[in-house]
Amino acid sequence: MLRRSGDAGVWRLDATDTADLGLRNYIDHVKRIEGAISAMGDGPPRHAVIDNTLAFLRWAEPNYHDVKWDAILGAIWKEVLDACAAAGIEPGDRRKYYDPRANHDITLAHFGAAAEGHYSRPGSGTDATVGEGCGWAGDILNAYTQWRDNHRSMSGEDFCVQVVGSATVESRFSSDNLVADVDAYNLSQYLHGTDGENGGNGDDRLLSDALFTYHFWDGPNRSAKRFTHFYETRFGGSASTFRSTVRNILLDFEFFSAFDFGKRFFLPEDEGQWPENIPSGELASFVEGMHTVFTRRMEGE
């Protein structure tokens, strides 16, 4: 292993075990996609290469590029699909990758959709953006609906603790989706240069560069501390900010907010079970349970 000069982190450049080689193969797949897109025309700008690479990953699963997703993120350019096909790369060539630290197979299309949303429409404060609705914020709505549709006999907190992020119980906010959502946020921060690297300045880093650093550098703000980094960066490490944000995701409705307008499609068909129509104590229990899910993940890092 080679220690980075001036850093507390360690590069695992000698990765030879099967799990790490699987990650390297995934990153190489992303790098091939970037190469095909970068060679188009006169060479697209960096942000277009990143955005279209994420869109290509999203295209690996049909349910991540239907009308709903295309309305939010836009359809992929046919030229991108053609360029990748000419390079021998098809969207379905790789559908999952194994993350040894999370001990999960991560769905590539879910990560791609969440990261594309975060990268194109980043969020901050206690209001979620429509981009965040493609990732963690949308999955909180999915979890809420599963609770009210199928597990109403449980308190919101018990439901979250027992079902959300579970690797064994069927969940609309599964453990692999939870990891993918957090990674999507963290990597989008890296790509925007807002994660503390390089003084917050952007550079020419592409997704493959971000993935390599995230998974193979054992330093702060990387996959070993993915949940801690997400909690501290998105919510300022504040429990009250986390709870307020989750409550706003569930309760807020502003007519000109794309996220608030779209979230009705995630909520239960029975409007009587919408967040504003259930007892406030039950809703507070769900919010608290969601906070417990994330804090327990942080405690395990």
Looking only at helices (runs of 4 or more DSSP H) that lie completely in the stretch 215-266, which have at least 3 residues being free of Cβ contacts under 8 Å to residues at least 60 places away in the same chain and surrounded by 15 or more Cβ atoms within 10 Å (Cβ to Cβ)?
226-235, 239-251
Candidate set from the stretch 267-284 (those that are crowded, with 16+ Cβ neighbours inside 10 Å and of a type in the set (A, V, I, L, M)); member that is farthest from HIS118 (Cα to Cα)
ILE278
Top-ranked residue in the stretch 114-155 [being β-branched (Val, Ile, Thr) and either surrounded by fewer than 24 Cβ atoms within 10 Å (Cβ to Cβ) or in a loop (DSSP other than H, G, I, E, B) (or both); ranked as farthest from the chain's Cα centre (by Cα)]:
THR145
Among the residues of the stretch 85-113, how many are in a helix (DSSP H, G or I) and under 26 Å from ASP20 (Cβ atoms)?
9
Report the residue count in the stretch 285-301 for those that are assigned to a helix (DSSP H, G or I) and either charged (D, E, K, R) or open to solvent by 50 Å² or more (accessible area, probe 1.4 Å) (or both).
4
Sort out which residues of the stretch 69-90 are among the charged types (D, E, K, R) and within 24 Å of LYS263 (Cα to Cα), and write them in order of number.
ASP70
Filtering the stretch 56-68 down to residues that are within 15 Å of the chain's Cα centre (by Cα) and closer than 20 Å to ALA258 by Cα yields TYR64
Note on the stretch 64-84: residues touching a helix residue (DSSP H, G or I) at 6+ places or on another chain (Cβ under 8 Å) and assigned to a helix (DSSP H, G or I) are TYR64, LYS68, TRP69, ILE72, LEU73, VAL80, LEU81, ALA83, CYS84
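The values are calculated or read from the model by the stated rules, or taken from the named source; none is laboratory data. No experiment lies behind these values; they were computed from the predicted model shown. Virtual Cβ from ideal backbone geometry, glycine too; neighbours counted across all protein chains shown. Areas reflect the complete protein model, heavy atoms only, side chains present, ligands, DNA and RNA absent. Shrake-Rupley method; radii C 1.70, N 1.55, O 1.52, S 1.80 Å.
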